[in-house]
1. Collect the residues in segment 189-219 that are among the aliphatic types (A, V, I, L, M) and open to solvent by 40 Å² or more (accessible area, probe 1.4 Å), keeping them in residue-number order.
2. With His121, His58 as the choices, which residue is open to solvent by 70 Å² or more (accessible area, probe 1.4 Å) and over 18 Å from Leu164 (Cβ atoms)?
3. What is the one condition in (1) of a type in the set (Lys, Arg); (2) open to solvent by 80 Å² or more (accessible area, probe 1.4 Å); (3) at pLDDT below 80 that Arg24 does not satisfy?
4. Just wondering, is there one or more residues in segment 172-179 that are within 16 Å of Lys94 (Cβ to Cβ), open to solvent by less than 20 Å² (accessible area, probe 1.4 Å), in contact (Cβ under 8 Å) with a residue 40 or more places away in the chain and part of a helix (DSSP H, G or I)?
5. Before we move on, is Pro152 buried (at least 18 other Cβ atoms within 10 Å of the Cβ), in a loop (DSSP other than H, G, I, E, B) and either within 17 Å of the chain's Cα centre (by Cα) or not basic (Lys, Arg) (or both)?
6. Applying the selection to segment 190-232, what residues are touching a Gly at 6+ places or on another chain (Cβ under 8 Å) and touching a residue at least 60 places away in the same chain (Cβ under 8 Å)?
7. Give all pairs with beta carbons closer than 8 Å in which a residue from segment 58-86 that is over 18 Å from Gly183 (Cβ atoms) and free of Cβ contacts under 8 Å to residues at least 24 places away in the same chain meets a residue that is among the aromatic types (Phe, Trp, Tyr) and open to solvent by 70 Å² or more (accessible area, probe 1.4 Å); count only pairs at least 6 apart in sequence or on separate chains.
Amino acid sequence: MLKEWVSPFVFVVLLTQVGVAATRVDGVSMMPGLRNNEEVIIPKLEGWAHRFGLGTYHRGDIVVFKPPRAAASEWKHDIHGVPLPWAYRPYLIKRVIGVAGDRIRIEEGQVTINGHLLDAHWTQDFWRAQGCLDTTSAEANAAVTGLFPNAPATRTLTVPAGSLFVMGDNRSPGGSLDSRYFGTVPLADVAGRAVLSVWPILRNSQAAALCASADPKNSVTTSGPSELNLRVLNAPATFADLDK
C-alpha cells in the first residue's frame with residue numbers, strides 16, 4: 001500500500017521541483033510583452049542547472065525570481081489582503097537587461113549596456129503611443145535609485161558576479177519595481193526562465209493602458225480581433241545586436 005503512494009508522490013515532487021512549472025503574471029510591469037493573468041511555463045531543471053554554474057541566462061530572457069533578501073520593502077505579510085503570521089518574498093517576473101560584468105547606464109529612459117545603446121523599440125513604441133513613455137523621473141535616470149540599502153543613487157552600475165540586472169517592459173512612470181529599486185538579483189533567487197505563454201489560449205490583438213493609474217491592472221483595455229496567444233517568449237532581436 002505504501003509503495004503505491006510513494007511512487008506517484010516522488011514523481012510529483014520531481015516534476016514540480018526539477019521538471020516544469022507554470023506561473024501567472026500578476027500586474028502590468030511586463031506590458032506589452034506580457035499581460036496581467038497570462039500563464040507562462042518555466043523549465044525548472046534549467047533553473048537549477050544555472051544555479052550550479054551549468055549554462056547561463058542571457059540578456060533579453062524573461063525570468064521568474066524572488067527579490068533580494070535585503071530588499072525589505074519587497075517582503076509581504078499578506079496574500080490578497082489576508083494577513084499572515086510570517087513574511088515572505090513573492091515571485092516577480094522581469095526581463096534580464098544585464099548579466100555579470102555588464103556596465104549598465106540609464107539616462108532619459110534609455111538603457112546603455114557596456115557603452116552600447118539598447119534599441120528598446122519593442123517596448124518604448126508601445127508606451128510612447130500611450131503617451132506614457134517615461135524619460136524624466138528618477139527611475140528613468142538611474143540604474144540605482146538609492147532605495148536599496150547602502151546603494152546611493154547613480155546612473156551607472158556594474159552587475160556583480162553571480163547576479164542579474166532586471167527590468168520590467170513597462171516604461172511608464174513607476175511602471176515596474178525592479179533592479180533600479182531593489183538591486184541586482186542573485187542567481188540563487190532565480191526560479192527559472194519563462195519560455196512559453198500558454199494561457200489564455202486566445203486574446204484580443206490590441207491593448208491600451210492608462211498612464212499613472214491608481215489601479216494599473218484594471219486600467220488596461222483590450223480590443224481588436226482574437227489571436228492565438230500561445231507563443232515562445234524569445235528575447236527581442238535587438239539584444240543580439242549588443243554583441244556585434
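The values are calculated or read from the model by the stated rules, or taken from the named source; none is laboratory data. Since this is a predicted model, take the numbers as computed values, not measurements. Neighbour counts are summed over all protein chains in view; Cβ atoms, including those assigned to glycine, are modelled from backbone coordinates with ideal geometry. These accessible areas exclude ligands, DNA and RNA; they are computed on the full protein's heavy atoms, side chains included. Shrake-Rupley method; radii C 1.70, N 1.55, O 1.52, S 1.80 Å.
1. Leu196, Val198, Ile201, Leu202, Leu210, Ala212, Ala214
2. Exactly one of His121, His58 is open to solvent by 70 Å² or more (accessible area, probe 1.4 Å) and over 18 Å from Leu164 (Cβ atoms), namely His121.
3. Every listed condition holds for Arg24 apart from (3).
4. yes
5. No: the conditions fail for Pro152.
6. Result: Val190, Ala191, Gly192, Arg193, Cys211, Ala212, Pro216, Lys217.
7. His77/Trp86
Residue by residue, here is whether (1) outside any helix (DSSP H, G or I); (2) farther than 17 Å from Thr184 by Cα; (3) touching a residue at least 60 places away in the same chain (Cβ under 8 Å); (4) among the hydrophobic types (A, V, I, L, M, F, W, C) holds:
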| residue | (1), (2), (3), (4) |
| --- | --- |
| Ile97 | yes, no, yes, yes |
| Arg105 | yes, no, no, no |
| Asp119 | yes, yes, yes, no |
| Gln124 | no, yes, no, no |
| Thr135 | yes, yes, no, no |
